[in-house]
Amino acid sequence: MHHFEDEASSIGDHLRKLREKRAAQDRSFSLRQVAARCEVTAAYLSRVERNEVAPPGEETLVKLAGELGEDPDVLLAMAGKISADLRAIILARPQLFADLIRSIKSMPDHAVLRIVRDVKDGEW
Amino acid sequence: MPTLEHDSLVFRFPQIEKQAKFSIQFQRTLRIPDSDKTYSLPPGLGLFPVRHAEDYVSKLPQATNDRGGVILPMWQSEAMWINFENEGPDWDLEFPVAIKIAAGKINAVTGEPWKNGLQGAPQDYVVSPNQPWLDGFAVEKGVIRQFVAMPLGEGYSVEEQLTGEAEWGGLQISVAPLKASVWNKKLEAWKQAQEERKKYFANESHLVAYSYSMCESRPMGLAAGGKMRQEIYPDPYNLEDWDFSAAERVFVTLVHAKDWLGITGEAALDVPPTASEYTKADLPWFEYYGKDQIALPGGEKFGNIKSVSSIFKKTTGANLPGSGDIAIGKPIAVGPGVKCDRPIQSSKSWE
């Protein structure tokens, strides 16, 4: 589970660390190659990693998450964003979800995971 | 118990490793021509949507409600591959799991009827991370016949061909983790290797020279489509290393894509492109290169299985649309031997 209170770094630092960790063992994680696979320029990705520009949009962040093995929701949250599907879910029942999130904000991870719905098994 | 997250089935075994999870995605793909020719890997075309069956109790048959699990929509004669995603406590330490996959309760690796637990001889499961995906029924060594959806009860599904019954359809999945004792040994060995690596890198003279050589409401059943090169890898662990008692399972009911809107209120999927349309758009095919692993033989029971197009021809006298052979260029190499993952093509690619 990702905990932001432990995270002193910005999204740029986080992306750079993730990429460099992979690049140490696999050269296809160079700035240029990762940028190409995520359909942005290497110059832009470099500026993102140095926190010189605002974080990328949702589409690029999701591509970067897939490329770097990070959870897209974690990157979106670090960028101060919320994914379009989560936004739609909350907007459909804003009061209910606001109350729910406030009520579980201090719960430990294992307790929160218990309220994630399991896939029900039956007779087969 | 497994959970459903972003259209993926997610299995966690926190009693053994809190930081690990294993996910299964159902990928839309091209139906490869169903002929004597053996094809390379087609691309993924995006994920099938997956929903909890229990959310649509009033719209689903009683049998589906009794089985629980999840539902996903497929068009008739649409193909699928099943992707395995393994996330361990560190990015280079995966958490091994044994996965058993059946279609219509026929084991996709051996052709045997579904049995609980794992069997070692013949091996009736695959192991992640060694096996990156499964595209179909393992009909012979190094060759699978693609998973292709057909309406249950019309004689196409492998289940009907092998049992004479159209009872189950869908997919059945069971995932077992390593026993805690086996995992802890693996974890310790990895931690030691990490320590040694840190010491090695503390000496900066190694940095330049260092590089890895790895370039790393109509039930549907699954029938056997065209032939594809794909190896099923043997278990690198011992059968007794797996914790059967911790295994989790899911029944995946396949519903006709035409019925999806009526059941869930969500728009039906686009019809996927044909292999011919995709190839005409100059889009690539792929070839997987593993890490010199030997492959298991195919399931003996699959020896007499008829493919979708041969049954279609016999029943209707016509050729199944999209079953003619096509010429594909040199496939792009993917896999741990060559660094890249099997890519997903966006719909923009072929429109």
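Bear in mind that the values in this text are calculations on the coordinates, not laboratory data. This structure is a prediction, so every number in the text was calculated from the model and none was measured. Note: ideal-geometry Cβ built from the backbone for every residue, glycine included; neighbour counts use all protein chains shown.
The table below lists the values:
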quantity	calculated
Under-5 Å amide H pairs with B:ALA333, H placed in peptide plane, nonlocal only	B:GLU287
All aspartates and glutamates inside 16 Å of B:LYS179 as judged from Cα atoms, apart from same-chain residues fewer than 8 positions distant	B:GLU17, B:GLU94, B:GLU188, B:ASP235, B:GLU240, B:ASP241, B:ASP243, B:GLU248
Net charge contributed by nearby residues that have their C-beta within less than 14 Å of B:SER77 (K/R +1, D/E -1)	+3
222 nm mean residue ellipticity, helices alone, for chain A (DSSP H n ≥ 4; -39,500 (n - 2.57); rounded to 500)	-16500 deg cm²/dmol
Cβ-defined net charge surrounding B:GLY153, 14 Å radius [Lys, Arg +1; Asp, Glu -1]	-4
Entries of A:LYS120/B:LYS18; B:LYS100/B:LYS280; A:LYS81/B:LYS280; A:LYS63/B:LYS100; A:LYS105/B:LYS59; A:LYS17/B:LYS186 with Cα pairs more than 32 Å apart	B:LYS100/B:LYS280; A:LYS81/B:LYS280; A:LYS105/B:LYS59
Aspartates and glutamates whose Cα lies under 20 Å from that of B:LYS301, excluding same-chain neighbours fewer than 8 positions away	B:ASP34, B:ASP36, B:GLU112, B:ASP124, B:ASP135, B:GLU140, B:GLU159, B:GLU160, B:GLU165, B:GLU167, B:GLU231
The range A:4-78 shape via C-alpha gyration tensor axes, a/c threshold 1.5	rounded
